[in-house]
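Beneath this line is the structure, given in structure tokens, with notes to follow.
The values are calculated or read from the model by the stated rules, or taken from the named source; none is laboratory data. Quantities reported herein were computed from a predicted structural model and do not represent experimental measurements. Cβ coordinates were reconstructed from backbone atoms using ideal geometry, including for glycine residues, and neighbour counts include every protein chain displayed. Side chains included, ligands, DNA and RNA excluded: accessible areas come from the protein's heavy atoms. Shrake-Rupley method; radii C 1.70, N 1.55, O 1.52, S 1.80 Å.
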Amino acid sequence: MSAPNKSYDPVEVEALQPQQIEQMRDEALAAIAAATDLDALAHVKTAHAGGGSPLALANREIGALPPQAKAEAGKRVGQARGAVNKALAARQGELEAERDARVLVEEAVDVTLPYGRATAGARHPLATLSDRIEDIFVAMGYEVAEGPEVEAEWFNFDALNISVDNPVRSEQDTFFVAAADGSEDSGMVLRTHTSGVQIRSLLERELPVYVIAPGRVYRSDELDATHTPVFRQVELLAVDEGLTMADLKGTLDHMVVSLFGEGMTTRLRPNHFPFTEPSAEMDMLCYVCRGESVGNPDRPCRTCSSEGWIELGGCGIVNPKVLIACGVDPQKYSGFAFGFGIERMLMFRHNVEDMRDIVEGDVRFTLPFGMEI
Amino acid sequence: MRVPLSWLREYVDLPAGTAGRDVQAKLISAGLEVETVEQVGEGLQGPLVVGQVLTIEELEGFKKPIRFCTVDVGKANGTGEPQEIVCGARNFAVGDKVVVILPGGVLPGDFRISARKTYGRVSHGMICSARELGMGDDHDGIVVLPPEHEVGTDAIGLLELVDEVLDIAVTPDRGYCLSLRGVARETATAFGLPLSDPALIDVPGPKAGGYPVQVTDEAGCDRFTARTVTGINHEARSPIWLQRRLQKVGMRPISLAVDITNYVMFEVGQPLHAYDRTRLNGMIGVRRAAPGEKLTTLDGVERVLDGEDLVITDESGPIGLAGVMGGAHTEIADAGVPGADGSPEAGAGTTEIVIEAAHFDPVSIARTARRHKLGSEASRRFERGTDPQATSAAAQRAVDLLVLLAGGTAEPGVTEIAVPAEPRTVAMAADHPDRVAGTRYGRETVVRRLQQIGCYVTGSDDLIVTVPSWRPDLSFPNDLAEEVIRLEGYENLPSTLPRPPAGRGLTDSQRLRRRIGRALAGAGYVEAPAYPFVGTEALDALGLDADDPRRRVVTLANPLSDNEPALRTTLLTGLLATLRRNDGRGSHDLALFETGLVFHPREGAGTPPRPPVDRRPTDEEIAALKAALPDQPRHAAVVLTGAREPAGWWGAGRPAGWADAIEAARTVAREAGVELILRQDQHAPYHPGRCAAFYAVAGDGTEVRVGHGGELHPRVTKALGVPERTAAMEVDLDVIEFAGAGHRPSGPRVSTFPVATQDVALVVAADVPAAEVEAALREGAGELLESLRLFDVFTGPQIGEGRKSLAYALRFRAPDRTLTAEDASAARDAAIARAAERTDATLRG
Ligand SMILES: [Zn+2]
């Protein structure tokens, strides 16, 4: 900004003749009209409306005019600049519209081009299904308990009232760890269930105990379409005062509703396990046909073989002998427990037909399951 | 256990029209796993009658012998004239009674019979084989009936050809259901009908003159009944009804005496053994075998006995494995059938039989059966526990049948050996079942249900329950509660939710593992958990030295495959096998990860103790149990090959390599709040020039090694058959977790003053690790350094042989002022000076 000028310069005064101002204006308007694109218009704007443009210079000179000429000159220059700015804005609008209509269209790309540049990974569905089941129980107040996969026979069998003569303790069912010194009996197995974690929880935690024990377990089966020697289980243990089979049933019902939706339910059938008494086999309502396929040959159901129910696993009231082996007073406390294999649940929840697909690690199987299921 | 409905009806008067499916549903609800209901003779339609062969004409000129027969079928064909039938079987003669299906009849499998021309004659019906009638698969020949059946008799009824058979998977606690008697009891209860107990018969008490028996091992055998039947007609055959019942339960009829012992076993659940009295040598004994003693069992196998085996003996030595299998020598024989041992009596046929009905210790029987891999129908029942009170009745049933069907005479002498035992009682609060179930049954229901299973109940609030002799599984209040609850119906249990105390959620470690899984999957890795079994071959392929700790493995006594007898010490064996499998199936761009346990034997660890289970183990016992187990740290590992980023219309792709693997280790560590320190290392299975060791600084300031990563050694990729340049890394998550324990980022103060950037290019010797240069620059630059980034690595003639240029972008910023050019330059110069001092770096000119 220039300071007011007290000494009048006759030459400069000359420069503010009305014709000159009109000429500046007309040249500017002509240049604006001649600008063919937004870049050219930006140059025109700098040349004819910018700080160094003739009209801007003329405007600056107004201050140097004698007071009687100021008003007249100010008005002329102001009108000229107004006309130029208006024309600029109008042209700007025209050119932008033209660009939108033509140039952006010319810049069009094929947005349907594939772009698998950063390739996706995935978690294994057994892991995410296990997480999901854990979350259901964690939300209820349970905690997730874990333990080793090579386990002492005492934790895996003895404490669970599975006697030495029980056939599950044979080499047909259980992987035994060889003793380091070559002797016959190491006293250790690859755990056949995560029940050892239940025992550890009862020994280590304060009562009441509400835990869920997910993890890898082992049985000496050959891999085929429906069996795998290495699989995952989720077991649950609740030990508190006054727990009942009704509580077990309600807990199972809650789980299947959480996993499969409203209206789902479970069914208990008597069975026998050494570590529970009473014991039950647990079935869940077939989430596909909801039992409608039973006795209804027109609507067969592949998921449940038209049985209406899907076998989940075993459950029951913790055998008081197990509580005693963990130093829990069975007069005061009772508990319930259940366990099931996640592979089977993955198979029927996600239409997997062959166990081998689950265990072989083929990326084509795992990828569609993403991060959560 | 297979249960023919027709047989079951003998003990439970089921309403007419009750189908097998109805019984199935009721029994399932009561806790018996009825797996199937087989429809025997489904679709069979008469006329199917007894016929007598009148004439047989052998037809010549066909590929196989063909007979043209005339058969008297009585009035069944409407005319009484002989029926002309063509038949391809030859096991019958003129005068034999056979089963004839007439035109209009239908055999099982929708096989419709009509008069038809065949082999040049017209056949008006068919003479039937056992298989065609659905009587069993083991006979192709024609059924030849005993002569007493009259021609024209309906054979469907005579042969009980139409029936339903329940197949029940009996759980180990319900041995009593391995009999019609037991299943009938459950059925009667389920239908609310009375039971006629086949074991509830008059039996004589002990009487002198019975076959002498001495039990020396009363723990192994607390009950022994011996009965003798003489004058047996060894030509007598089992009647049709007996054969049919055995066929339906899945036993093959053999000879009358054997069939009777089997029949009684299925009827009352008591296995019997029949000895040919003429082959017994003196007193029968029950004792443990002498180790090494020998016995040839019925199956002709000579077995070397164990000192724990319970044996039946006579004065010649062992004559049977008690409760498991009899010996060959005393086997009863049919007429004309040589003794299994080729003894001189061969072919004589047994006429005098000693019946043994005993109760053996279940555990002893189970061990012997397993030891000799010799499961039998008898051992199945004994090892689940038979009814010790049923021996006399079972023996009596066998005696009755031998008298009735074989024309024998029961000798009056009765041998009964019984170790005195009190009836077993269980004390239970009357409301205990209510408290177990979480519902209210009330005392009356509880008592009624217990009585239904055979208990005798006294007491009001506190019940004294005497359990029946056939239920050795009922010992504790919960056992009784289960009986009440199952009979009241598990399906009627209410559904309630307990109220656990507030939980603490997932542990830090559990959350960390989930984060790591997501972070790796987010970085493009696919989780691929592998079986943890390995063999020496896989460890050799990794190029591990002989003394590499990863060669010290936990071994299985009974591995699935002898090639993989051990448990993994590294995740890489499994991951690389999975990578190879995927590659072989045509997926070539692969990035896989696994987190899981590896197993290291613990030096000097002994065998875990076996504390008793009638109390809590002591703290020392618990500690000893845990200390004996192998170390089982959790690892995380990745492997990758092919393109990390594919080529496409956007330009070139990028191959996966050592840097990706190392970055994956950083990704894992970062989730734990751990900044990895990298050092060049040489470590199998990695390329010696492309392997990093990873370290972390723990909270206590100590440095711990967490793993290795890099490119695999070319020998390793070749040995494993995986693509060259496959990269991998493996870290110990437990160590990372330890190093990151307590990590909690504190919020940075964000300065809003402008940034001053400076680029520097430093020349160092080629073997100077970039990490060292960077550390020196950071240290020298001081607090004003906001960030530092290596943006170029350059080698070439301009730099000089054996040297490299590292170009860094440094960003400086102060929290409280705008930095001047002088401030930034001073910091930069200090950084360069420190790098020069530490790494001989010179500023690139
Ligand atoms: Zn269904």
Problem - Options B:Thr607, B:Thr569; residue that is in a loop (DSSP other than H, G, I, E, B), surrounded by fewer than 18 Cβ atoms within 10 Å (Cβ to Cβ) and under 28 Å from the mean Cα position of the chain (by Cα) - result: B:Thr607
Completion exercise
Here the residues within segment A:131-150 that are closer than 24 Å to B:Thr595 by Cβ, facing chain B (nearest Cβ under 7 Å) and not in a helix (DSSP H, G or I) are A:Tyr142, A:Glu143, A:Val144, A:Pro148, A:Glu149, A:Val150
Practice task
For segment B:149-160, state whether one or more residues are part of a strand (DSSP E or B), open to solvent by 30 Å² or more (accessible area, probe 1.4 Å) and out of contact with any His (no Cβ under 8 Å at 6 or more places or on another chain).
Solution key: yes
Problem - A:Leu268 being within 11 Å of chain B (Cβ to nearest Cβ) and assigned to a loop (DSSP other than H, G, I, E, B) - result: no
Fill in the blank from the handout: If we keep only residues of segment B:576-593 that are more than 8 Å from chain A (Cβ to nearest Cβ) and surrounded by fewer than 24 Cβ atoms within 10 Å (Cβ to Cβ), then the residue farthest from the chain's Cα centre (by Cα) is B:His588
Handout entry: Matching residues, segment B:12-36, being away from every other protein chain (no Cβ under 14 Å) and open to solvent by 10 Å² or more (accessible area, probe 1.4 Å)
Key = B:Asp13, B:Pro15, B:Ala16, B:Gly17, B:Thr18
Problem - Meets criteria (within 17 Å of A:Gly316 (Cβ to Cβ) and either under 32 Å from the mean Cα position of the chain (by Cα) or assigned by TED's automatic domain parsing to the domain that holds A:Val144 (or both)) for A:Val177 - result: no
Practice task
Can you give me the ranges of the strands (runs of 3 or more DSSP E) entirely in segment B:677-763 with at least 2 residues that are small (Gly, Ala, Ser)?
Solution key: B:686-697, B:703-712, B:727-732
Problem - Selection status of B:Arg644, facing chain A (nearest Cβ under 10 Å) and assigned to a strand (DSSP E or B) - result: yes
Problem - Verdict on A:Ile324 being surrounded by fewer than 18 Cβ atoms within 10 Å (Cβ to Cβ) and more than 16 Å from the ligand (Cβ to nearest atom) - result: yes
Fill in the blank from the handout: Flagged in segment A:244-262 as open to solvent by less than 10 Å² (accessible area, probe 1.4 Å) and either facing chain B (nearest Cβ under 8 Å) or free of Cβ contacts under 8 Å to residues at least 12 places away in the same chain (or both), in numbering order, are A:Met245, A:Ala246, A:Gly250, A:Thr251
Fill in the blank from the handout: Among B:Ala390, B:Ala430, B:Ala398, B:Ala378, the single one that is among the small types (Gly, Ala, Ser) and not assigned by TED's automatic domain parsing to the domain that holds B:Asp306 is B:Ala430
Exercise for the section: Could you check B:Ala421 against (1) surrounded by fewer than 14 Cβ atoms within 10 Å (Cβ to Cβ); (2) without any contact (Cβ under 8 Å) to a residue 12 or more places away in the chain; (3) away from chain A (no Cβ under 12 Å) and say which number it fails? Expected result: (2)
Practice task
Could you look through segment A:272-286, keep only residues that are open to solvent by 20 Å² or more (accessible area, probe 1.4 Å) and touching a residue at least 40 places away in the same chain (Cβ under 8 Å), and pick out the one that is farthest from the other protein chains (Cβ to nearest Cβ)?
Solution key: A:Phe275
Problem - Answer residue from segment B:164-178, given it is more than 13 Å from every other protein chain (Cβ to nearest Cβ) and open to solvent by less than 10 Å² (accessible area, probe 1.4 Å) and is farthest from the chain's Cα centre (by Cα) among those - result: B:Val165
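Is it the case that segment A:204-220 has a residue that's farther than 23 Å from B:Gly503 by Cβ, polar (S, T, N, Q) and in contact with a strand residue (DSSP E or B) (Cβ under 7 Å, 6 or more places away or on another chain)?
no
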Practice task
Inspect all residues belonging to segment B:805-814 and state whether any of them is within 60 Å of the chain's Cα centre (by Cα) and aromatic (Phe, Trp, Tyr).
Solution key: no
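Consider A:Thr228 carefully, then state whether it is more than 16 Å from A:Met345 (Cα to Cα), outside any strand (DSSP E or B) and away from the ligand (no atom under 16 Å from the Cβ).
no
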Fill in the blank from the handout: Exception for B:Gly596 within (1) touching a Leu at 6+ places or on another chain (Cβ under 7 Å); (2) buried (at least 23 other Cβ atoms within 10 Å of the Cβ); (3) not acidic (Asp, Glu) falls at (2)
Practice task
Of the numbered conditions (1) on the phi < 0 side of the Ramachandran plot; (2) assigned by TED's automatic domain parsing to the domain that holds B:Thr717; (3) open to solvent by 10 Å² or more (accessible area, probe 1.4 Å), B:Gly543 fails exactly one; give the number of that condition.
Solution key: (1)
Practice task
Hey, could you check segment B:314-337 for residues that are out of contact with any Leu (no Cβ under 6 Å at 6 or more places or on another chain) and modelled with pLDDT of 90 or more and say which is surrounded by the fewest Cβ atoms within 10 Å (Cβ to Cβ)?
Solution key: B:Glu315
Fill in the blank from the handout: The strands (runs of 3 or more DSSP E) lying entirely within segment B:46-132 that contain at least 3 residues which are surrounded by fewer than 15 Cβ atoms within 10 Å (Cβ to Cβ) are B:48-59, B:116-118
Problem - Restricting segment B:499-520 to residues that are touching a residue at least 12 places away in the same chain (Cβ under 8 Å) and facing chain A (nearest Cβ under 7 Å), the residue that is farthest from the chain's Cα centre (by Cα) - result: B:Leu520
Practice task
Check whether at least one residue in segment A:261-270 is among the charged types (D, E, K, R), within 16 Å of the ligand (Cβ to nearest atom) and under 30 Å from A:Val328 (Cα atoms), and report yes or no.
Solution key: yes
Completion exercise
Considering residues that are open to solvent by less than 20 Å² (accessible area, probe 1.4 Å), within 14 Å of another protein chain (Cβ to nearest Cβ) and near the ligand (Cβ under 8 Å from one of its atoms), the number found within segment A:298-316 is 1
Problem - Test: residue in segment A:317-324 that is modelled with pLDDT of 95 or more, assigned to a loop (DSSP other than H, G, I, E, B) and at the interface with chain B (Cβ under 10 Å from one of its Cβ atoms) - result: yes
Handout entry: Count of segment A:161-196 residues which are within 9 Å of chain B (Cβ to nearest Cβ), in contact with a Pro (Cβ under 9 Å, 6 or more places away or on another chain) and closer than 20 Å to A:Arg232 by Cβ
Key = 2
Problem - Breaking point among (1) over 22 Å from the mean Cα position of the chain (by Cα); (2) crowded, with 23+ Cβ neighbours inside 10 Å, for B:Glu383 - result: (1)
